[in-house]
Amino acid sequence: PCDNAFLAMGFTNPVGSLLDAFGVDKDARQNAKATTDGEGCYKTNVDKVYAAGDVRRGQSLVVWAIREGRQAAREVDQFLMGSTTLPR
């Protein structure tokens, strides 16, 4: 049993078997498929599973991963608490 799992995998593509184990849809580049627009952004096709940074966009600059991590944290806070005061 697990309440929360946060994976920081660094500058690498996501492990396909991990995404498959959760049933997360992948894009054409085999990254986790998740939107960055609108309500529920960074959410994958699997309920309560969010993806950001390298696992969502592929290998990129750390500043993009930091930005997406912060934005994804805001969306998770919104989901869990029903509201958020975290900046967008």
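The values are calculated or read from the model by the stated rules, or taken from the named source; none is laboratory data. Worth saying up front: this structure is predicted, and the values here are computed from it rather than measured. FYI the Cβ positions are ideal-geometry reconstructions off the backbone, even for glycines, and counts take in every protein chain you see. Side chains are part of the model used for accessible areas, which takes the heavy atoms of the whole protein and leaves out ligands, DNA and RNA. Shrake-Rupley method; radii C 1.70, N 1.55, O 1.52, S 1.80 Å.
Among the residues of the range 4-15, is any open to solvent by 30 Å² or more (accessible area, probe 1.4 Å) and touching a Cys at 6+ places or on another chain (Cβ under 7 Å)? No - not one qualifying residue is present in the range 4-15.
Can you name the residue in the range 23-58 that is of a type in the set (A, V, I, L, M, F, W, C) and closer than 17 Å to LEU7 by Cβ and is also nearest to the chain's Cα centre (by Cα) among such residues? Step through it out loud before you land on a result.
Going residue by residue through the range 23-58, those that are of a type in the set (A, V, I, L, M, F, W, C) are 24, 28, 32, 34, 41, 46, 49, 51-52, 55.
Narrowing the set further to residues that are closer than 17 Å to LEU7 by Cβ leaves 24, 32, 34, 46, 49, 51-52, 55.
On the way: VAL24: 11, ALA32: 8, ALA34: 7, VAL46: 11, VAL49: 7, ALA51: 1, ALA52: 3, VAL55: 7 Å.
Only one residue fits best here, namely ALA51.
Cβ-Cβ contacts under 7 Å between residues 6 or more apart (or on different chains), taken from a first residue in the range 41-60 that is of a type in the set (Lys, Arg) to a second residue that is open to solvent by 30 Å² or more (accessible area, probe 1.4 Å) and not in a helix (DSSP H, G or I), are listed as LYS43/TYR50. Answer with yes or no whether ALA51 is at pLDDT 90 or above and small (Gly, Ala, Ser). Yes; evaluated as a whole, the condition is true for this residue. Among residues of the range 1-12 being within 13 Å of the chain's Cα centre (by Cα) and within 18 Å of GLY58 (Cα to Cα), the one that is modelled with the lowest pLDDT is MET9. Since SER60 meets every condition but one in (1) at negative phi; (2) at pLDDT 80 or above, which condition does it not meet? SER60 satisfies all of (1) at negative phi; (2) at pLDDT 80 or above except (2). Sort out which residues of the range 30-88 are aliphatic (A, V, I, L, M), closer than 26 Å to SER17 by Cα and either open to solvent by 40 Å² or more (accessible area, probe 1.4 Å) or in a loop (DSSP other than H, G, I, E, B) (or both), and write them in order of number. ALA34, VAL46, VAL49, ALA51, ALA52, LEU61, VAL62, ILE66, ALA73, VAL76 - these are the residues of the range 30-88 that are aliphatic (A, V, I, L, M), closer than 26 Å to SER17 by Cα and either open to solvent by 40 Å² or more (accessible area, probe 1.4 Å) or in a loop (DSSP other than H, G, I, E, B) (or both).
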